[in-house]
Each structure stands twice: as structure tokens, then as C-alpha cells.
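Here's the structure, in C-alpha cells; my notes come after.
The values are calculated or read from the model by the stated rules, or taken from the named source; none is laboratory data. No experiment lies behind these values; they were computed from the predicted model shown. Because the Cβ atoms are built from the backbone with ideal geometry, glycine has one as well, and the counts that use them run over all protein chains shown.
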Amino acid sequence: MTKVTWFGHSAIQLQDGKHRILIDPFISGNPVAPLTSGQVQKSDFILVTHGHSDHLGDTIALAKRDKCTVIATWELAKYLEKKGVNVHPMSTGGAHDFSFGRVKVTPALHGCGGDPDPDGDVVPPNSPVGYLIHFGKKVVYHAGDTALFTDMKLIGEKTPINLACLPIGDNFTMGVEDAARANEFLNAERCLPIHFNTWDIIKVDPKAFAFKIEKQGKKCLLPKPGEEIEI
């Protein structure tokens, strides 16, 4: 049984009774987060799609608290390692088996440069990515921050996806139209929109996205931040 919780923005928690992983744990400073970082349950792993502050978020504090491993691209992982965090570096196209399942790193079309971290240090330039996560008996695709790209077809053709977490907020990522087209490429059973309505600049109507996904014969999940959903 795989359960998914969306904490607002792009922060996702997956749990299956044996393992719990976090993706892009932006909690502190997240105006729609339903809890504080101290209230986040202990994680076994944290996956970070890129080093922007609204995705790296509370990674360092939570990883140290939980003594868990952070999965990130090489440059970001080496930076986190210097901060005293246990890391597993990866890169685009690579895959690795972990205790909870297999992770494959997928491309993401986005920028990423020197955001300040909580210590005032500058996060080094790093490559934005997405993750294809085999978790329990389910496959979850977290696209990270990305534009639409046609190689999403290859991701969907090779691996049946149970849940695709897709940014819809426009301006910095795909908007509603492109995100819906992305799922035509991915052919995911279910979609969960992310990276929207955190601030006015990425304000969109998620029901418009849901309508387009349901026209594809797929299911769109629209949980409230903090609501747990079984997939």
C-alpha cells in the first residue's frame, strides 16, 4: 500500500509501511505548508530535484535530524556532503537500487544557479532533474521544475507510471496546457499537480488541469496540502 502526501508546492512524501521518502521538502517559508519542518515525520531518504531554495528547502536540517540519505545530482550532493549530510550522488540518465526500490534520474528543462542556503552560503550551479521512482509496487514520476519536452514520451513508453507529479504553475515551469500534454506523452494513470498557487506569480486553476487529464481517461488527484492519498 503506497500513500502519497503533498505538502504544497513540490514537496511530496511517499510511504509504504516500510519506508518513507521525501521529495523537495520545502516546508519552512512555504506559505501553504500545513505543518512545520519539525512536524515532518522521520524519513529514510530525501530526493532533491535541484538546488533552488523552494526545492532544497529543509533538506539539510531534516537529513541531519533523521540521519537519512539525500539523493541528488553530483554537484548538489557534494555541496550537501560538506554540510554534514549523508548523500548518494547521481546524474541524468543514471539509475540505482535502494532499499525502497529503484530510482532513475530523468532530464528537466529549467535553470539553477546560486541560491543562498540557510547558512548564507551559495548553493553551487547544479543540473535540474526529475525522478522516476519505483516505490513498493508503484511507479511515481516527480518531474521537478521543467518545461514540456518530447522525450517524456520515452519515459512513458518504457515504464508504466502509476502517478505523475507535474508542475502546472506556468511562468517558471509548464503551465496547465503543457502539463496536460506532458501526461499525453507519459500516459500516467494518475496525475498530481505541483508547483502552483504558492505565490500569485504561479497562480492557476488546478481544476482546469484536472479537466484536461480526465478527458484523457486518466485520474487527477487534487488533495489539500497535508492530505494523505492512497495509490
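A few notes on this one:
- Within the stretch 23-36, one or more residues are of a type in the set (A, V, I, L, M), buried (at least 23 other Cβ atoms within 10 Å of the Cβ) and in contact with a strand residue (DSSP E or B) (Cβ under 9 Å, 6 or more places away or on another chain).
- For GLY136: the one exception among (1) more than 22 Å from ASP58 (Cα to Cα); (2) at pLDDT below 95; (3) out of contact with any Gly (no Cβ under 9 Å at 6 or more places or on another chain): (3)
- Subset of the stretch 184-229 (residues that are touching a Phe, Trp or Tyr at 6+ places or on another chain (Cβ under 8 Å), in a helix (DSSP H, G or I) and over 19 Å from HIS110 (Cβ atoms)): PRO206
- Output for the stretch 176-220, where each listed residue is touching a strand residue (DSSP E or B) at 6+ places or on another chain (Cβ under 9 Å) and of a type in the set (Gly, Ala, Ser): ALA179, ALA180, ALA182, ALA188, ALA210
- Just one of the listed residues (LEU22, LEU62, LEU14) is at pLDDT 95 or above and either in a loop (DSSP other than H, G, I, E, B) or over 25 Å from ILE168 (Cα atoms) (or both), namely LEU62.
- Within the stretch 137-188, the residues that satisfy the criterion of being under 18 Å from ARG102 (Cα atoms), under 16 Å from the mean Cα position of the chain (by Cα) and not aliphatic (A, V, I, L, M) are LYS138, TYR141, HIS142, GLY144, ASN162, CYS165.
- Exactly one residue among VAL70, VAL85 is touching a helix residue (DSSP H, G or I) at 6+ places or on another chain (Cβ under 8 Å), modelled with pLDDT of 95 or more, surrounded by 14 or more Cβ atoms within 10 Å (Cβ to Cβ) and farther than 24 Å from VAL139 by Cα, and that residue is VAL85.
- Residue list for the stretch 57-89, filter: touching a Lys or Arg at 6+ places or on another chain (Cβ under 8 Å), of a type in the set (A, V, I, L, M, F, W, C) and without any contact (Cβ under 8 Å) to a residue 24 or more places away in the chain: VAL87
- Apart from one condition, GLY120 fits all of (1) in a loop (DSSP other than H, G, I, E, B); (2) at pLDDT 95 or above; (3) not polar (S, T, N, Q); the exception is (2).
- Strands (runs of 3 or more DSSP E) wholly inside the stretch 124-183 that include at least 3 residues being surrounded by fewer than 19 Cβ atoms within 10 Å (Cβ to Cβ) and touching a helix residue (DSSP H, G or I) at 6+ places or on another chain (Cβ under 9 Å): none
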